[in-house]
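Contents: one structure, followed by commentary.
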Amino acid sequence: MVEGGEIVEARIDLDGIVLAGSVIDARLKQAAKPAIAVAGKVEYLLPRGAPGTTEGASINIEVTRAAIPGGEPWKRPLARVTDDATRDAPAIDGRALGFPAPRDELGELGWDELIDQARTGQVSFAGGELRISATPAMTLIDVDGFLPPEELAVPGAAEAAHAIRRLEIGGSIGIDLPTVGSKAVRLAAAKAIDAALPQPFERTAVNGFGFVQIVRPRVRASLVELAQDRAAFEARALLRRTAFEPAGPKRLVAHPAVIAAFEAETEWRALLSRQIGGAVGLRADAALPMSGGYAENA
């Protein structure tokens, strides 16, 4: 989503992930709460259970939270039993961008900078910086800078709220603002969050230590969480950059882990080959950082 020439909201939906809002066929594997349904090879937790349904029965479920990267059971996708017919998730209104295209509109709007924020967890703004860390319990945002605490707290709160929206961060979120003694400044910081972050969300007051907690709906992985799967994340980023290179055969040069991601997803190279009109080769270079991949003429 773009407003005023800047990306204000962004989402990455990975192939193979069933999106929230989809209704799919499933089989009830476990009836006791939390119930578990299986669709294909994916297990879905049913927090509300499946009353009146016996194990092994076929059911329709609506996905309420897509799969989140990580092996913890609480990060499995969530769903609920429904009588609705199977359907895809609601489509997003907007204008489709051709890909590849002579003009990289997303790049012009700052897509590469957004991806760098997701991979590093660092967001700079006038007078300070955010440091974003995704943990199993919550996403933490530390606000730091060289401005006096009273001057940093309010813009830091606004920038944190903008980053939450831009990077699609949901669930439990903690923002650690500079400690300020002024109650008026703390109230102004809270109002800055309210002005920058669309509903629905809930938050606490900014306490005397500068900490505020926010809870937002969490229906998919944030860009920060997706970036934790570094090899695949960097491979996808390199694919996008290379698609806008001049046509012709290319060789992708990248960290060995990124090359391994390409080797595991052979369709990615086939798709890129069709996009650039030439064969795509691979070369591993252990001296490169994970994000340092590039394309060279083959």
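Points to keep in mind about this one:
- Globularity index of the chain, i.e. its alpha-carbon radius of gyration over 2.2 N^0.38 Å: 1.14
- Pairs of Cα atoms nearer than 8 Å and 6+ residues apart set the relative contact order; for the chain it is 14 percent.
- Dipole magnitude (debye, nearest 20) for the stretch 1-112, charges at Cβ of Lys, Arg, Asp, Glu: 780 debye
- The stretch 1-147 - Rg over Rh from alpha carbon coordinates, Kirkwood radius: 1.08
- Relative protection proxy for 173-182, 246-255, 59-68, 80-89, from highest mean packing down: 59-68, 173-182, 246-255, 80-89 (other beta-carbon atoms within 10 angstrom).
- The magnitude of the dipole of the chain, with charges of +1 and -1 set on the Cβ of Lys/Arg and Asp/Glu and taken from the Cα centre, is near 700 debye.
- P(r) tail fraction, the stretch 23-82 - alpha-carbon pairs more than 18 Å apart, %: 21 percent
- With a Förster radius of 45 Å applied to the beta-carbon distance between Lys41 and Met138, the computed FRET efficiency rounds to 0.95.
- Rounded to the nearest 500, the 222 nm mean residue ellipticity of the chain from helices alone is -8500 deg cm²/dmol, with -39,500 (n - 2.57) taken per DSSP H run of at least 4 residues.
- Per residue, the average separation of C-alpha pairs within less than 8 Å and at least 6 apart gives the stretch 23-82 a relative contact order of 34 percent.
- Label separation (Glu151 vs Ser182): 1.1 nm, computed from points 7 Å beyond Cα along the C-beta direction.
- Across the options Thr139, Gly4, Gly248, the greatest Cα extent toward the positive end of the charge dipole of the chain (unit charges at beta carbon of Lys, Arg, Asp, Glu) belongs to Thr139.
- Formal net charge of residues neighbouring Arg236 (Cβ-Cβ distance under 15 Å; K, R +1; D, E -1): -4
- For the stretch 106-216, a simple Cβ point-charge model (Lys and Arg +1, Asp and Glu -1, everything else neutral) yields a dipole of about 440 debye relative to the Cα centre.
- Kirkwood hydrodynamic radius of the stretch 174-272, Cα pairs, Å: 17.3 Å
- The slack in the chain from Glu296 to Asp25, taken as 0.36 nm per residue of separation less the alpha-carbon distance, amounts to 93.1 nm.
- Cα-Cα P(r), the stretch 106-216, percent of pairs per 10 Å interval: 15, 50, 30, 5, 0
- Charge dipole of the stretch 106-216 about the Cα centre (unit charges at C-beta), most positive-ward option of Gly121, Leu152, Ala188: Ala188
- Computed Rg/Rh of the stretch 229-297, alpha carbon atoms with Kirkwood Rh: 0.92
Every number here is computed from the coordinates shown, using simple stated rules; none is lab data. The structure presented is a predicted model; accordingly, all values stated were derived computationally and were not measured. Counting neighbours? That spans all protein chains shown, and the Cβs are built from the backbone with ideal geometry, glycine included.
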